[in-house]
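Every read-out reported here was derived from the displayed coordinates using simple, explicitly stated rules and does not represent laboratory data. None of these values were measured; they are calculated from a predicted model. We place every Cβ from the backbone using ideal geometry, glycine too, and count neighbours over all the protein chains shown.
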Amino acid sequence: MSLVSTKQAGLAGFTKYRSLADASGNPVFNIPGMVLMKPTSITHSGTSATLGANGQVTFTAVTSLSLNGVFTADFDNYVLSVRDVGSGNLVIRGRLRTGGSDASGSDYTVQYLEANNTSVFGGRYTQSDFIIGATDSTVRSGDSVMIYGPNLAQPTATRVVNVGGNSSARITDAACTHSLSTAYDSFTIFMSSGNITGACAVYGIRS
């Protein structure tokens, strides 16, 4: 089998990816892996945000950023990867989204643990958003967010690992459940105050 570049008909969100081909050159589409998704559009508040040709979104001093049409029926689960630096010590929040509107009801239950310097602490709460991460103005932070079944008409779950620069290194691990049985095709990143600069990308997980 050899690696070839090809197009997969019927999959929204991207046009090219690397796939395996059999001995006759026919593409094999069901191999496990992650596919970079391209939003149908983006909207933002703040200075600027740009959707790249491959689906990566770069942004400068945004207070909110929505990636529209990024969850499809082609994949059940997704990974959101974010790198960012903030205008101060900020919590980065997220909301599921469909039809151009955020799901902003108090339907998100969050359980988190954080280790910072020599302190380890945690908490649990229900509110109108979930944790994506935290950042500050001196050290770039990174966020990996697993999103389970957002485009399915059932409750959605997320799992977040965030690393940041407070006290030289900080890690936050958070889980969230969203209780509504609604299919979502988009999501929003936002801050209650301040702004962030960086880049993000969404990957569909092929099983």
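Overview of values
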{"read-out": "Ranking of Ser101, Ser87 by count of other Cβ atoms within 10 Å, fewest first", "value": "Ser101, Ser87"}
{"read-out": "Prolate/oblate/rounded label for region 32-206 (Cα gyration tensor, a/c 1.5)", "value": "oblate"}
{"read-out": "Amide H contacts under 5 Å for Ile92, placed H, 5+ residues apart", "value": "Ile132, Gly133, Ala134, Thr135"}
{"read-out": "Shape call, region 125-198: gyration tensor on alpha carbons, a/c limit 1.5", "value": "prolate"}
{"read-out": "Relative contact order of region 82-207, defined on C-alpha pairs under 8 angstrom at six or more residues apart (%)", "value": "35 percent"}
{"read-out": "Hz values of 3J(HN,Hα) by residue in region 190-197 - Karplus curve (6.51, -1.76, 1.60), Gly and Pro given as x", "value": "8, 10, 5, 8, x, 8, 10, 10"}
{"read-out": "Fewest-first ranking of Ile171, Ile131, Ile196, Ile42, using other Cβ atoms within 10 Å as the exposure measure", "value": "Ile171, Ile42, Ile131, Ile196"}
{"read-out": "Relative exposure of Thr156, Thr172, judged by other C-beta atoms within 10 Å (fewest first)", "value": "Thr172, Thr156"}
{"read-out": "Span from the region 102-144 Cα centroid across to the region 163-197 one, whole angstrom", "value": "6 Å"}
